[in-house]
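The values are calculated or read from the model by the stated rules, or taken from the named source; none is laboratory data. This structure is a prediction, so every number in the text was calculated from the model and none was measured. Glycine gets a Cβ as well: all are built from the backbone with ideal geometry, and neighbour counts include every protein chain shown. In case anyone asks, the SASA skips ligands and DNA or RNA and just uses the protein heavy atoms, side chains included. Shrake-Rupley method; radii C 1.70, N 1.55, O 1.52, S 1.80 Å.
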Amino acid sequence: MSQAVSQAPNQTRHFPGGEEIIRCTGVNKWYGEFHVLKNVNLTVQKGERIVVCGPSGSGKSTMIRCLNRLEEHQKGTIVIDGIELTNNLKNIELVRREVGMVFQHFNLFPHLTVLENCTLAPIWVRKKPKAEAEEMAMNYLKRVRIAEQAHKYPGQLSGGQQQRVAIARSLCMNPKIMLFDEPTSALDPEMVKEVLDVMIGLAEDGMTMLCVTHEMGFAKSVADRVIFMDRGEIVEQDTPEEFFSNPKSERTRLFLSQIL
Ligand code: ADP
Ligand code: MG
């Protein structure tokens, strides 16, 4: 939480008339009887960096998983880059092409090398020639500073290294949006910074990002907007400056007093 972030890429950025890439309108979801998302409204512009925070169980993972249909919502609409997420499998496939996701527990294939983890989907899903897929993968592995480990297996790497591979693997699919679900929560403290630095690099390159994280240093220096969720609702969303210095709701103040 107190992790130092090496750079502060920007002050408040504005997106006047920017191009909208995500729009959630009145989204509701239930797990059986349990109302997990309550009337979620959210729009994100291309290139925006959003940090999502809130207490455990507040629906953060469920919300971002709905954005690539790892979970389905029951009411309201979700439109990603002009494509509405419904039961239409073609649309789901189109959206998944555009949205990369990085999880808390990396989810690498243990029996494949780092390079094979990165080339599997480009070769089998995108039908890229192997040499081309490998060249692209090596470029992304360089970018996350792990190219020298390309022929190792995930189990031979540290948690921080595995998470950087997971980011490179996502980038190999050329996503327009990256979703991160607590990407540093499972890491030993000394490895948090190497992963955050990769995420900062992505932000600087203009990637649209939604990050569920408790790294408030990252939120302060990288986010354009911080979204606070509690009990399935978006309670507050604001610039980091406002969010941290002048929280509007009692629930936000309570949350901040517990984590800062
Ligand atoms: P967060 O990521 O903010 O911790 P989640 O989105 O994971 O919250 O979960 C929100 C709530 O929904 C929690 O109460 C959790 O127990 C519940 N939940 C999550 N996934 C499921 C599921 N597959 N079935 C039933 N309940 C679930
Ligand atoms: Mg979660």
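So for the pair residue 132, residue 239, with labels modelled 7 Å out along Cα→Cβ, what separation do we get in nm?
Calculated label separation equals 4.4 nm.
Report, to two decimal places, the Cα Rg of segment 178-260 normalised by 2.2 N^0.38 Å (N = number of residues).
Details: Rg = 13.1 Å, N = 83, 2.2 N^0.38 = 11.8 Å.
After normalising by residue count via 2.2 N^0.38 Å, the value is 1.11.
Where q = 0.12, 0.20 Å⁻¹, what log10 of I(q)/I(0) comes from the Debye formula for segment 118-260, counting one point per Cα?
-0.58, -1.20
Which three numbers, in whole Å and largest first, are the semi-axes of the equivalent ellipsoid of the chain derived from its Cα gyration tensor as √(5λ)? Show your work: numbers first, answer last.
Working: eigenvalues 169, 102, 57 Å².
For the chain, the semi-axes come out at 29, 23, 17 Å.
Which whole-number percent gives the relative contact order of the chain, counting Cα pairs below 8 Å spaced six or more residues apart? Can you show the working numbers first?
Details: 471 pairs, mean separation 73.9, N = 260.
About 28 percent, as a whole number.
How large, in percent, is the carbon and sulfur part of the accessible surface of the chain at a probe radius of 1.4 Å? Intermediate results must be reported in sequence, preceding the final value.
Numbers: 6030 of 11930 Å².
The computed percentage sits at 51.
Tell me the per residue accessible area of the chain using a 1.4 Å probe; a whole number in Å² is fine. Don't jump to the answer; show the numbers that get you there.
Numbers: 11930 Å² over 260 residues.
Accessible surface, normalised per residue, equals 46 Å².
For segment 20-101, take the alpha-carbon Rg, divide it by the Kirkwood Rh, and send me Rg/Rh.
Numbers: Rg = 12.3 Å, Rh = 13.0 Å.
Result: Rg/Rh = 0.94.
Taking 0.36 nm per intervening residue step and subtracting the Cα-Cα distance, what contour gain separates residue 91 from residue 124 on full extension?
Numbers: separation 33, 0.36 × 33 = 11.88 nm, distance 1.95 nm.
Residue separation times 0.36 nm, minus the Cα-Cα distance, leaves 9.9 nm.
Determine ³J(HN,Hα), in whole Hz, for all residues of segment 21-36 in sequence, where each value follows from phi through the Karplus function 6.51 cos²θ - 1.76 cosθ + 1.60 and θ = phi - 60°; x replaces Gly and Pro.
Rounded to whole hertz, the list is 10, 10, 9, 9, 10, x, 7, 10, 9, 10, 9, x, 7, 7, 7, 8.
What dipole magnitude, in Debye to the nearest 20, does the chain give about its Cα centre under +1 on Lys/Arg Cβ and -1 on Asp/Glu Cβ?
Values: 31 positive and 32 negative charges, 100 e Å.
The calculated dipole for the chain is roughly 480 debye.
Check which residues have an amide H placed less than 5 Å from residue 208's amide H, if you skip close sequence neighbours.
47, 178
Under 28 Å from the Cα of residue 130, which lysines turn up, not counting those fewer than eight places away in the same chain?
Filter leaves 90, 142, 152, 176.
Below 22 Å, Cα to Cα, which lysines can residue 248 reach? Residues fewer than 8 away in the same chain don't count.
Partners within reach: 38, 60, 220.
For residue 33 paired with residue 14, estimate the spin-label separation in nm (one decimal), with each label point 7 Å from Cα along the Cα-to-Cβ line.
5.0 nm
Which of the three applies to segment 125-167, rounded, prolate or oblate, going by the alpha-carbon gyration tensor with a ≥ b ≥ c and a/c under 1.5 meaning rounded?
prolate
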